[in-house]
1. In the stretch 46-60, is there at least one residue being among the basic types (Lys, Arg) and farther than 20 Å from PRO127 by Cβ?
2. Can you tell me how many residues in the stretch 123-171 are open to solvent by 10 Å² or more (accessible area, probe 1.4 Å) and either acidic (Asp, Glu) or in contact (Cβ under 8 Å) with a residue 60 or more places away in the chain (or both)?
3. Here are ALA108, ALA85, ALA62, ALA98: which of them is farther than 23 Å from ILE190 by Cα and in contact (Cβ under 8 Å) with a residue 40 or more places away in the chain?
4. In the stretch 148-166, what residues are more than 9 Å from MET128 (Cα to Cα) and touching a helix residue (DSSP H, G or I) at 6+ places or on another chain (Cβ under 7 Å)?
5. What's the total number of residues in the stretch 159-180 that are part of a loop (DSSP other than H, G, I, E, B) and of a type in the set (S, T, N, Q)?
6. With under 13 Å from the mean Cα position of the chain (by Cα), modelled with pLDDT of 95 or more and not polar (S, T, N, Q) as the only criterion, which of LEU124, LEU71, LEU50, LEU30 stands out?
7. What are the residues in the stretch 71-94 that are open to solvent by less than 60 Å² (accessible area, probe 1.4 Å) and of a type in the set (Phe, Trp, Tyr), if any?
8. Against the definition (farther than 12 Å from LEU16 by Cα, modelled with pLDDT of 95 or more, under 17 Å from the mean Cα position of the chain (by Cα) and surrounded by 24 or more Cβ atoms within 10 Å (Cβ to Cβ)), how does HIS114 come out, yes or no?
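The values are calculated or read from the model by the stated rules, or taken from the named source; none is laboratory data. Just so it is clear, the model here is predicted, and its values are computed rather than measured. FYI the Cβ positions are ideal-geometry reconstructions off the backbone, even for glycines, and counts take in every protein chain you see. All accessible areas refer to the heavy atoms of the entire protein, side chains included, with ligands and DNA or RNA removed. Shrake-Rupley method; radii C 1.70, N 1.55, O 1.52, S 1.80 Å.
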Amino acid sequence: MKHIFQQGNDSTKPTLLLLHGTGGTEQDLLPLAAKIDGSANVLSVRGNILENGMPRFFKRLAEGVFDEEDLIFRTKELNSFLDEAAAKYSFDRNNIIAIGYSNGANIAASLLFHYQDSLRGAILHHPMVPRRGIELPELTKKDVFIAAGTNDPICPAEESEDLKQLLQNAGAAVHLHWENHGHQLTLQEIEAAEGWYRKL
């Protein structure tokens, strides 16, 4: 997968896995990673799917309707890529925290839904529930921050509440942060995510 790796200066810190939104690239969230933790490794990945020329991490059938078969395949692909990247760049495979926005947050949530050891935790900006009606792995000791907008036209409030509940039911510690905004990534929610991260 097309990506950028930046070596941090503190090997005890997690590796931050950056996952952009629809139409983004592996450059998009680099400033966000610097704000969350400037001394951590950064692995920023570009989605392998193109939708009308815009990179994404998996296909969708319509707005808010995921192609489940492709989601499962692309989640497995990303999980395997993390195995390879950890070996190539010599970082701790068990200490990855994903930072995803929109489509990137959805594939990060899908990693948690499908692979128990894929992530140590995640910061999910405006995610949806990746799949419903499946049994999640045991997620005790996983920490998840969800940022949501009360006026988000793409991601209804119930999606955020449902995702929180599903992750909590699987044992994860989940913090849901609300902003009175839409689907955009706001400075306030980034600062809230930074504050949450510093307490891990």
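1. No; the residues of the stretch 46-60 include none that is among the basic types (Lys, Arg) and farther than 20 Å from PRO127 by Cβ.
2. 11
3. ALA85
4. Result: ALA148, THR150.
5. 1
6. None of the other options fit; the residue is LEU124.
7. PHE81, TYR89, PHE91
8. So HIS114 does not fit the description; no.
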